[in-house]
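Asker: Encoded as C-alpha coordinates, here's the structure I'll be asking about.
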Amino acid sequence: MNVILISPGFPHQIPYFTMGLARVGAKVYGVGDQPIQALDEGVRRALSGYLQVKNLWDEEATTDEIHAWVRGKSIDRVECLWEPGVVLAGRVREALDVPGLTAEQSIPLRDKVAMKNVIEAAGLRTPKHARATTAKECRAAAEAIGYPAIIKPIAGAGSADTYELRSPQDLENALKILQHVPEVSIEEFIEGEEHTFDTVCANGEILFENVGWYRPKPLVARLNEWISPQTVCLRDIEAPELQPGRVLGREVIRALGFRDGFTHMEWFRTPKGEAVFGEIGGRPPGGQMVHGMNYTTDADLFVGWAEALVKGRISQDLRKKYNACLVFKRAQGNGQRVVRYDGLDRVLNEIGPHLAHMELTPLGAPKKDWRQVVQGDGWIVVRHPELRRMLELSDRVASDLTLVAG
Ligand SMILES: Nc1ncnc2c1ncn2[C@@H]1O[C@H](COP(=O)(O)OP(=O)(O)OP(=O)(O)O)[C@@H](O)[C@H]1O
Ligand SMILES: [Mg+2]
(Lines give C-alpha, C1' and ligand atoms only; values in the text may rest on other atoms or scores of the structure.)
(Ligands and ions follow the chains in the order given, each with its own letter.)
Protein backbone atom coordinates (compact mmCIF):
# COMPACT_ATOMS: atom_id res chain seq x y z
CA MET A 1 0.00 0.00 0.00
CA ASN A 2 1.31 3.45 -0.91
CA VAL A 3 0.61 6.09 1.71
CA ILE A 4 1.26 9.81 1.54
CA LEU A 5 1.91 11.05 5.06
CA ILE A 6 1.79 14.79 5.57
CA SER A 7 4.34 16.00 8.12
CA PRO A 8 5.96 12.62 8.88
CA GLY A 9 8.50 14.04 11.33
CA PHE A 10 6.68 16.70 13.31
CA PRO A 11 5.36 17.21 15.97
CA HIS A 12 7.14 14.94 18.39
CA GLN A 13 4.96 11.80 18.40
CA ILE A 14 4.45 11.57 14.61
CA PRO A 15 7.74 9.73 13.94
CA TYR A 16 6.38 6.71 15.82
CA PHE A 17 3.40 6.55 13.46
CA THR A 18 5.63 6.99 10.41
CA MET A 19 7.82 4.12 11.53
CA GLY A 20 4.69 2.10 12.37
CA LEU A 21 3.50 2.39 8.78
CA ALA A 22 6.79 1.10 7.44
CA ARG A 23 6.69 -1.72 10.00
CA VAL A 24 3.39 -3.00 8.66
CA GLY A 25 4.71 -2.98 5.11
CA ALA A 26 3.38 0.29 3.68
CA LYS A 27 5.44 2.43 1.35
CA VAL A 28 5.44 5.83 3.01
CA TYR A 29 5.82 9.01 0.98
CA GLY A 30 6.37 11.92 3.32
CA VAL A 31 5.47 15.52 2.58
CA GLY A 32 6.61 18.27 4.89
CA ASP A 33 8.22 21.65 5.17
CA GLN A 34 11.25 20.40 7.06
CA PRO A 35 14.44 19.67 5.13
CA ILE A 36 15.02 15.93 4.98
CA GLN A 37 18.14 16.30 7.13
CA ALA A 38 15.96 17.58 9.96
CA LEU A 39 14.03 14.30 10.17
CA ASP A 40 15.01 11.65 12.70
CA GLU A 41 17.05 8.85 11.24
CA GLY A 42 14.26 6.35 11.98
CA VAL A 43 11.82 8.49 10.01
CA ARG A 44 14.19 8.83 7.09
CA ARG A 45 14.63 5.09 6.97
CA ALA A 46 10.86 4.55 7.11
CA LEU A 47 10.23 6.79 4.09
CA SER A 48 10.22 5.58 0.50
CA GLY A 49 10.28 9.20 -0.65
CA TYR A 50 10.13 12.71 0.73
CA LEU A 51 8.90 15.93 -0.77
CA GLN A 52 9.89 19.15 0.93
CA VAL A 53 7.32 21.79 0.04
CA LYS A 54 7.84 25.53 0.25
CA ASN A 55 4.88 26.35 2.45
CA LEU A 56 2.85 23.47 3.81
CA TRP A 57 -0.02 25.79 4.71
CA ASP A 58 -0.48 27.11 1.20
CA GLU A 59 -2.97 24.31 0.55
CA GLU A 60 -3.42 24.99 -3.14
CA ALA A 61 0.29 25.13 -3.94
CA THR A 62 1.07 22.11 -1.74
CA THR A 63 -1.69 20.06 -3.38
CA ASP A 64 -0.30 20.95 -6.82
CA GLU A 65 3.25 20.09 -5.79
CA ILE A 66 2.15 16.71 -4.43
CA HIS A 67 0.10 16.04 -7.55
CA ALA A 68 3.08 16.66 -9.79
CA TRP A 69 5.39 14.65 -7.52
CA VAL A 70 3.34 11.46 -7.47
CA ARG A 71 2.44 11.45 -11.15
CA GLY A 72 2.49 7.87 -12.40
CA LYS A 73 2.38 6.31 -8.92
CA SER A 74 -0.80 4.90 -7.51
CA ILE A 75 -1.53 6.29 -4.07
CA ASP A 76 -3.90 4.38 -1.77
CA ARG A 77 -4.10 6.67 1.26
CA VAL A 78 -3.35 10.25 2.25
CA GLU A 79 -2.99 10.85 5.97
CA CYS A 80 -2.08 13.61 8.36
CA LEU A 81 -1.92 13.01 12.10
CA TRP A 82 -1.30 16.64 12.93
CA GLU A 83 -4.40 18.74 13.45
CA PRO A 84 -3.51 21.76 11.28
CA GLY A 85 -3.06 19.45 8.27
CA VAL A 86 -6.29 17.45 8.34
CA VAL A 87 -8.11 19.66 5.85
CA LEU A 88 -5.05 19.73 3.58
CA ALA A 89 -5.07 15.91 3.65
CA GLY A 90 -8.70 15.99 2.51
CA ARG A 91 -7.82 18.32 -0.31
CA VAL A 92 -4.95 16.12 -1.49
CA ARG A 93 -7.25 13.06 -1.37
CA GLU A 94 -9.67 14.83 -3.66
CA ALA A 95 -6.94 15.89 -6.07
CA LEU A 96 -5.51 12.37 -6.25
CA ASP A 97 -8.90 10.66 -6.12
CA VAL A 98 -8.00 8.68 -3.02
CA PRO A 99 -10.69 7.38 -0.62
CA GLY A 100 -11.19 9.00 2.78
CA LEU A 101 -12.62 12.27 4.07
CA THR A 102 -12.71 15.16 1.60
CA ALA A 103 -11.62 18.68 2.55
CA GLU A 104 -15.23 19.62 3.21
CA GLN A 105 -15.83 16.57 5.37
CA SER A 106 -12.66 17.42 7.33
CA ILE A 107 -13.70 20.96 8.21
CA PRO A 108 -15.94 19.92 11.14
CA LEU A 109 -12.86 18.25 12.63
CA ARG A 110 -11.05 21.59 12.66
CA ASP A 111 -13.61 24.38 13.04
CA LYS A 112 -15.25 24.17 16.44
CA VAL A 113 -18.48 25.86 15.39
CA ALA A 114 -18.89 23.76 12.24
CA MET A 115 -18.14 20.75 14.43
CA LYS A 116 -20.84 21.58 16.96
CA ASN A 117 -23.33 22.26 14.19
CA VAL A 118 -22.86 18.76 12.76
CA ILE A 119 -23.09 17.17 16.21
CA GLU A 120 -26.21 19.16 17.10
CA ALA A 121 -27.87 18.36 13.80
CA ALA A 122 -27.48 14.71 14.78
CA GLY A 123 -29.48 15.45 17.93
CA LEU A 124 -26.53 15.12 20.33
CA ARG A 125 -25.96 17.25 23.42
CA THR A 126 -23.48 20.12 23.02
CA PRO A 127 -23.08 23.25 25.13
CA LYS A 128 -25.19 26.15 23.85
CA HIS A 129 -22.82 28.30 21.83
CA ALA A 130 -22.46 31.33 19.57
CA ARG A 131 -19.72 32.79 17.41
CA ALA A 132 -18.75 36.44 17.99
CA THR A 133 -16.27 38.86 16.47
CA THR A 134 -17.02 42.11 18.32
CA ALA A 135 -17.46 43.07 21.98
CA LYS A 136 -21.09 43.87 21.26
CA GLU A 137 -21.72 40.41 19.79
CA CYS A 138 -19.98 38.84 22.79
CA ARG A 139 -22.23 40.69 25.24
CA ALA A 140 -25.35 39.73 23.29
CA ALA A 141 -24.25 36.09 23.09
CA ALA A 142 -23.48 35.90 26.81
CA GLU A 143 -26.86 37.41 27.65
CA ALA A 144 -28.63 34.91 25.40
CA ILE A 145 -26.70 31.91 26.73
CA GLY A 146 -26.64 33.01 30.36
CA TYR A 147 -24.01 32.62 33.09
CA PRO A 148 -21.85 30.77 33.88
CA ALA A 149 -20.42 30.84 30.37
CA ILE A 150 -17.06 30.33 28.75
CA ILE A 151 -15.25 32.42 26.15
CA LYS A 152 -12.60 30.85 23.92
CA PRO A 153 -10.98 31.35 20.52
CA ILE A 154 -12.67 29.63 17.56
CA ALA A 155 -9.31 28.20 16.56
CA GLY A 156 -7.90 27.45 19.99
CA ALA A 157 -5.51 24.91 21.41
CA GLY A 158 -4.16 24.08 24.82
CA SER A 159 -6.88 26.12 26.59
CA ALA A 160 -5.11 29.32 25.52
CA ASP A 161 -7.16 32.54 25.82
CA THR A 162 -10.03 30.61 27.41
CA TYR A 163 -11.89 32.06 30.39
CA GLU A 164 -14.75 31.06 32.61
CA LEU A 165 -17.34 33.81 32.98
CA ARG A 166 -19.41 33.90 36.14
CA SER A 167 -20.81 37.40 35.59
CA PRO A 168 -21.04 40.25 33.04
CA GLN A 169 -18.06 41.83 34.86
CA ASP A 170 -15.98 38.70 34.09
CA LEU A 171 -16.91 39.14 30.44
CA GLU A 172 -15.76 42.78 30.45
CA ASN A 173 -12.43 41.71 31.98
CA ALA A 174 -12.02 38.93 29.43
CA LEU A 175 -12.83 41.25 26.52
CA LYS A 176 -9.91 43.48 27.53
CA ILE A 177 -7.49 40.54 27.50
CA LEU A 178 -8.88 39.00 24.30
CA GLN A 179 -8.43 41.98 21.99
CA HIS A 180 -5.87 40.05 19.91
CA VAL A 181 -8.30 37.16 19.23
CA PRO A 182 -10.23 37.77 15.99
CA GLU A 183 -13.14 35.42 16.62
CA VAL A 184 -14.42 33.71 19.75
CA SER A 185 -16.99 31.14 20.74
CA ILE A 186 -19.16 31.92 23.75
CA GLU A 187 -20.58 28.80 25.35
CA GLU A 188 -22.71 27.59 28.16
CA PHE A 189 -20.34 26.48 30.94
CA ILE A 190 -20.70 22.76 31.65
CA GLU A 191 -19.91 21.72 35.22
CA GLY A 192 -18.48 18.29 35.90
CA GLU A 193 -15.60 15.97 35.17
CA GLU A 194 -13.78 16.14 31.89
CA HIS A 195 -13.02 13.01 29.92
CA THR A 196 -11.74 11.88 26.58
CA PHE A 197 -13.01 9.21 24.23
CA ASP A 198 -10.29 8.12 21.84
CA THR A 199 -10.51 5.54 19.12
CA VAL A 200 -8.69 3.84 16.30
CA CYS A 201 -11.14 3.14 13.48
CA ALA A 202 -11.02 1.21 10.24
CA ASN A 203 -13.78 1.23 7.64
CA GLY A 204 -16.01 3.14 10.06
CA GLU A 205 -15.65 0.52 12.78
CA ILE A 206 -14.00 1.12 16.14
CA LEU A 207 -11.10 -1.29 16.67
CA PHE A 208 -9.75 0.23 19.87
CA GLU A 209 -11.13 2.67 22.39
CA ASN A 210 -9.75 4.57 25.31
CA VAL A 211 -11.51 6.64 27.91
CA GLY A 212 -9.31 9.25 29.55
CA TRP A 213 -9.92 11.39 32.60
CA TYR A 214 -8.32 14.79 33.14
CA ARG A 215 -7.41 15.66 36.72
CA PRO A 216 -8.15 18.50 37.12
CA LYS A 217 -10.01 19.99 34.13
CA PRO A 218 -7.50 21.34 31.58
CA LEU A 219 -8.69 24.90 32.10
CA VAL A 220 -7.98 24.72 35.83
CA ALA A 221 -4.57 23.21 35.13
CA ARG A 222 -3.88 25.98 32.66
CA LEU A 223 -4.66 28.73 35.15
CA ASN A 224 -2.61 27.35 38.08
CA GLU A 225 1.11 26.85 37.60
CA TRP A 226 1.57 24.87 40.83
CA ILE A 227 -0.66 22.03 39.63
CA SER A 228 0.85 18.82 38.23
CA PRO A 229 -1.84 17.94 35.67
CA GLN A 230 -2.78 14.29 35.30
CA THR A 231 -4.34 12.38 32.44
CA VAL A 232 -5.59 8.95 33.37
CA CYS A 233 -6.13 6.26 30.74
CA LEU A 234 -8.73 4.08 32.40
CA ARG A 235 -8.61 0.31 32.54
CA ASP A 236 -12.29 -0.39 33.17
CA ILE A 237 -14.11 1.42 30.42
CA GLU A 238 -17.19 -0.66 31.18
CA ALA A 239 -17.77 1.34 34.39
CA PRO A 240 -21.41 2.53 34.36
CA GLU A 241 -20.57 6.24 34.73
CA LEU A 242 -18.56 6.15 31.50
CA GLN A 243 -21.25 4.60 29.31
CA PRO A 244 -23.04 7.83 28.34
CA GLY A 245 -19.71 9.20 27.09
CA ARG A 246 -18.95 6.10 25.05
CA VAL A 247 -22.41 6.12 23.50
CA LEU A 248 -22.01 9.81 22.70
CA GLY A 249 -18.57 9.14 21.21
CA ARG A 250 -19.89 6.48 18.86
CA GLU A 251 -22.70 8.70 17.70
CA VAL A 252 -20.34 11.62 17.13
CA ILE A 253 -18.07 9.46 14.97
CA ARG A 254 -21.07 8.31 12.98
CA ALA A 255 -22.41 11.86 12.59
CA LEU A 256 -19.07 13.03 11.22
CA GLY A 257 -18.82 10.12 8.80
CA PHE A 258 -15.37 9.38 10.17
CA ARG A 259 -13.99 6.05 8.94
CA ASP A 260 -10.26 5.51 9.27
CA GLY A 261 -7.64 6.48 11.81
CA PHE A 262 -7.45 8.02 15.25
CA THR A 263 -10.10 10.18 16.88
CA HIS A 264 -9.73 12.21 20.06
CA MET A 265 -12.93 13.51 21.62
CA GLU A 266 -13.34 15.47 24.83
CA TRP A 267 -16.59 15.27 26.79
CA PHE A 268 -18.02 16.42 30.09
CA ARG A 269 -19.68 14.19 32.65
CA THR A 270 -22.14 16.34 34.54
CA PRO A 271 -22.99 15.80 38.23
CA LYS A 272 -26.25 14.20 37.02
CA GLY A 273 -24.30 11.72 34.92
CA GLU A 274 -25.13 13.19 31.52
CA ALA A 275 -22.46 13.24 28.79
CA VAL A 276 -22.00 16.56 26.98
CA PHE A 277 -19.87 16.91 23.87
CA GLY A 278 -16.75 19.09 24.13
CA GLU A 279 -14.73 18.77 20.94
CA ILE A 280 -13.26 16.17 18.60
CA GLY A 281 -10.17 15.84 16.46
CA GLY A 282 -9.65 13.39 13.62
CA ARG A 283 -6.16 12.67 14.85
CA PRO A 284 -4.47 11.09 17.84
CA PRO A 285 -4.48 12.95 21.16
CA GLY A 286 -1.35 14.84 22.12
CA GLY A 287 0.04 15.17 25.63
CA GLN A 288 1.70 11.71 25.44
CA MET A 289 -1.69 10.04 25.63
CA VAL A 290 -0.95 7.43 22.98
CA HIS A 291 1.89 6.29 25.22
CA GLY A 292 -0.62 6.25 28.08
CA MET A 293 -2.87 3.92 26.06
CA ASN A 294 0.12 1.73 25.31
CA TYR A 295 0.85 1.45 29.01
CA THR A 296 -2.73 0.34 29.73
CA THR A 297 -2.49 -2.53 27.25
CA ASP A 298 1.21 -3.23 26.72
CA ALA A 299 0.34 -2.94 23.02
CA ASP A 300 1.86 -0.48 20.56
CA LEU A 301 -0.89 1.71 19.16
CA PHE A 302 1.47 3.61 16.90
CA VAL A 303 1.86 0.36 14.98
CA GLY A 304 -1.78 -0.52 15.73
CA TRP A 305 -2.96 2.62 13.96
CA ALA A 306 -0.75 1.77 10.98
CA GLU A 307 -2.06 -1.78 10.78
CA ALA A 308 -5.64 -0.55 11.02
CA LEU A 309 -5.02 1.81 8.13
CA VAL A 310 -3.23 -0.65 5.91
CA LYS A 311 -5.00 -3.93 6.78
CA GLY A 312 -8.25 -2.85 8.41
CA ARG A 313 -7.48 -4.69 11.66
CA ILE A 314 -5.22 -4.63 14.72
CA SER A 315 -3.71 -8.01 15.47
CA GLN A 316 -2.17 -7.11 18.85
CA ASP A 317 -3.76 -8.05 22.17
CA LEU A 318 -5.61 -4.86 23.16
CA ARG A 319 -6.98 -5.98 26.51
CA LYS A 320 -6.49 -3.36 29.19
CA LYS A 321 -4.43 -4.61 32.11
CA TYR A 322 -3.66 -1.37 33.92
CA ASN A 323 -4.84 2.11 34.66
CA ALA A 324 -2.10 4.41 33.47
CA CYS A 325 -1.70 7.99 34.60
CA LEU A 326 0.42 10.61 32.89
CA VAL A 327 1.61 13.11 35.48
CA PHE A 328 3.16 16.32 34.18
CA LYS A 329 5.56 18.38 36.28
CA ARG A 330 6.22 22.10 36.10
CA ALA A 331 9.40 23.44 37.66
CA GLN A 332 8.64 25.74 40.57
CA GLY A 333 10.58 28.88 41.42
CA ASN A 334 11.70 31.99 39.67
CA GLY A 335 14.92 30.80 38.08
CA GLN A 336 15.35 29.90 34.44
CA ARG A 337 17.05 26.54 34.95
CA VAL A 338 16.07 23.34 36.70
CA VAL A 339 18.52 23.02 39.59
CA ARG A 340 17.06 20.39 41.91
CA TYR A 341 14.61 17.51 42.11
CA ASP A 342 13.10 17.53 45.59
CA GLY A 343 11.58 14.26 46.77
CA LEU A 344 12.79 12.15 43.84
CA ASP A 345 14.54 9.52 45.98
CA ARG A 346 11.47 9.05 48.12
CA VAL A 347 9.17 8.68 45.14
CA LEU A 348 11.52 6.17 43.51
CA ASN A 349 11.97 4.17 46.70
CA GLU A 350 8.34 4.07 47.66
CA ILE A 351 6.53 3.66 44.37
CA GLY A 352 9.30 2.75 41.95
CA PRO A 353 7.74 -0.54 40.79
CA HIS A 354 4.62 1.31 39.64
CA LEU A 355 6.48 3.93 37.64
CA ALA A 356 6.42 2.89 34.00
CA HIS A 357 8.19 5.94 32.62
CA MET A 358 9.91 9.06 33.89
CA GLU A 359 11.39 11.86 31.84
CA LEU A 360 12.44 15.09 33.56
CA THR A 361 14.15 18.23 32.32
CA PRO A 362 17.83 17.51 33.01
CA LEU A 363 19.48 19.38 35.87
CA GLY A 364 21.03 22.58 34.56
CA ALA A 365 18.76 22.71 31.50
CA PRO A 366 16.36 25.64 30.95
CA LYS A 367 12.91 25.16 32.41
CA LYS A 368 10.12 24.69 29.86
CA ASP A 369 7.27 27.06 29.21
CA TRP A 370 4.44 25.01 30.71
CA ARG A 371 1.82 27.09 28.94
CA GLN A 372 3.26 26.04 25.58
CA VAL A 373 4.33 22.47 26.31
CA VAL A 374 1.74 20.16 27.91
CA GLN A 375 4.36 17.94 29.47
CA GLY A 376 6.15 20.90 31.05
CA ASP A 377 9.34 19.84 32.79
CA GLY A 378 8.57 16.20 32.96
CA TRP A 379 6.20 13.40 32.35
CA ILE A 380 5.84 10.38 34.48
CA VAL A 381 3.65 7.35 33.94
CA VAL A 382 2.21 5.62 36.98
CA ARG A 383 0.32 2.42 36.43
CA HIS A 384 -1.62 -0.01 38.54
CA PRO A 385 -4.47 -2.45 37.90
CA GLU A 386 -6.63 -0.88 40.62
CA LEU A 387 -7.87 2.60 39.94
CA ARG A 388 -8.03 3.79 43.53
CA ARG A 389 -4.46 2.72 44.20
CA MET A 390 -3.27 4.27 40.97
CA LEU A 391 -4.87 7.58 41.89
CA GLU A 392 -3.14 7.54 45.28
CA LEU A 393 0.21 6.83 43.69
CA SER A 394 -0.27 9.48 41.02
CA ASP A 395 -1.18 12.04 43.65
CA ARG A 396 2.04 11.17 45.46
CA VAL A 397 4.05 11.87 42.32
CA ALA A 398 2.12 15.11 41.89
CA SER A 399 2.65 16.31 45.46
CA ASP A 400 5.91 14.72 46.67
CA LEU A 401 8.15 15.38 43.69
CA THR A 402 9.10 19.00 43.00
CA LEU A 403 11.37 20.25 40.27
CA VAL A 404 13.01 23.44 41.44
CA ALA A 405 14.04 26.19 39.06
CA GLY A 406 16.78 28.47 40.40
N1 LIG B 1 -18.50 24.73 27.47
C2 LIG B 1 -17.56 24.50 28.40
N3 LIG B 1 -17.90 24.26 29.69
C4 LIG B 1 -16.95 24.04 30.63
N5 LIG B 1 -15.63 24.06 30.39
C6 LIG B 1 -15.23 24.29 29.13
C7 LIG B 1 -16.15 24.53 28.07
N8 LIG B 1 -15.45 24.72 26.92
C9 LIG B 1 -14.15 24.62 27.27
N10 LIG B 1 -14.00 24.38 28.59
C11 LIG B 1 -12.73 24.22 29.32
O12 LIG B 1 -11.69 24.80 28.57
C13 LIG B 1 -10.78 23.80 28.11
C14 LIG B 1 -10.30 24.13 26.70
O15 LIG B 1 -11.39 24.15 25.81
P16 LIG B 1 -11.38 23.31 24.46
O17 LIG B 1 -11.02 21.91 24.75
O18 LIG B 1 -12.64 23.56 23.77
O19 LIG B 1 -10.27 24.06 23.66
P20 LIG B 1 -8.77 23.80 23.28
O21 LIG B 1 -8.05 25.00 23.72
O22 LIG B 1 -8.79 23.44 21.87
O23 LIG B 1 -8.28 22.59 24.08
P24 LIG B 1 -7.18 21.52 23.70
O25 LIG B 1 -6.15 21.72 24.75
O26 LIG B 1 -7.94 20.27 23.90
O27 LIG B 1 -6.71 21.75 22.33
C28 LIG B 1 -11.56 22.50 28.21
O29 LIG B 1 -10.69 21.40 28.34
C30 LIG B 1 -12.39 22.76 29.45
O31 LIG B 1 -11.64 22.56 30.64
MG1 LIG C 1 -9.72 20.63 24.36
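Asker: Tally the residues that are closer than 20 Å to VAL290 by Cβ and either under 22 Å from the mean Cα position of the chain (by Cα) or exposed (fewer than 13 other Cβ atoms within 10 Å of the Cβ) (or both), restricting the search to the stretch 373-403.
Answerer: 11
Asker: Could you please find all residues in the stretch 316-330 being closer than 22 Å to PRO366 by Cα and outside any strand (DSSP E or B)?
Answerer: The one that is closer than 22 Å to PRO366 by Cα and outside any strand (DSSP E or B): ARG330.
Asker: Answer yes if at least one residue in the stretch 274-289 is out of contact with any helix residue (DSSP H, G or I) (no Cβ under 7 Å at 6 or more places or on another chain) and assigned to a strand (DSSP E or B), and no otherwise.
Answerer: Yes; the residues of the stretch 274-289 include at least one that is out of contact with any helix residue (DSSP H, G or I) (no Cβ under 7 Å at 6 or more places or on another chain) and assigned to a strand (DSSP E or B).
Asker: Which residues, taken from the stretch 93-111, are touching a Pro at 6+ places or on another chain (Cβ under 9 Å) and either modelled with pLDDT under 95 or on the phi > 0 side of the Ramachandran plot (or both)?
Answerer: Result: ARG110, single match.
Asker: For the subset of the stretch 323-339 comprising residues that are in contact with a Ser or Thr (Cβ under 8 Å, 6 or more places away or on another chain) and among the charged types (D, E, K, R), which member is nearest to VAL232 (Cα to Cα)?
Answerer: Out of the qualifying residues, it is LYS329.
Asker: If only one of GLU205, GLU266, GLU241 is assigned by TED's automatic domain parsing to the domain that holds GLY292 and within 16 Å of ligand 1 (Cβ to nearest atom), which one is it?
Answerer: Testing whether each residue is assigned by TED's automatic domain parsing to the domain that holds GLY292 and within 16 Å of ligand 1 (Cβ to nearest atom) leaves just GLU266.
Asker: Look through ARG246, ARG222, ARG235 and report the one residue that is more than 16 Å from ligand 1 (Cβ to nearest atom) and surrounded by fewer than 21 Cβ atoms within 10 Å (Cβ to Cβ).
Answerer: ARG246
Asker: Moving on to the next point. Only residues that are away from ligand 2 (no atom under 16 Å from the Cβ) and buried (at least 21 other Cβ atoms within 10 Å of the Cβ): list them for the stretch 261-277, please.
Answerer: Listed by number, the list holds a single entry, GLY261.
Asker: Let me ask something additional. Just the residues that are surrounded by fewer than 18 Cβ atoms within 10 Å (Cβ to Cβ) and out of contact with any Gly (no Cβ under 9 Å at 6 or more places or on another chain), please, taken from the stretch 99-123.
Answerer: PRO99, ASP111, VAL113, ALA114, ASN117, GLU120, ALA121, ALA122, GLY123
Asker: Working carefully through the options ILE314, ILE280, find the one that is of a type outside the set (Lys, Arg) and surrounded by fewer than 22 Cβ atoms within 10 Å (Cβ to Cβ).
Answerer: ILE314
Asker: Could you list, in sequence order, all residues of the stretch 148-170 that are away from ligand 1 (no atom under 12 Å from the Cβ) and in contact (Cβ under 8 Å) with a residue 24 or more places away in the chain?
Answerer: Once the filter is applied, which keeps residues that are away from ligand 1 (no atom under 12 Å from the Cβ) and in contact (Cβ under 8 Å) with a residue 24 or more places away in the chain, the stretch 148-170 yields only PRO168.
Asker: Filter the stretch 255-273 down to the residues that are in a strand (DSSP E or B) and not acidic (Asp, Glu), then identify the one that is farthest from GLN243 (Cα to Cα).
Answerer: Among residues in the stretch 255-273 that are in a strand (DSSP E or B) and not acidic (Asp, Glu), the one farthest from GLN243 (Cα to Cα) is GLY261.
The values are calculated or read from the model by the stated rules, or taken from the named source; none is laboratory data. Given the structure is predicted, the values throughout are model-derived calculations rather than measurements. Using ideal geometry, Cβ is built from the backbone for each residue, glycine included, and neighbour counts are taken over all protein chains shown.
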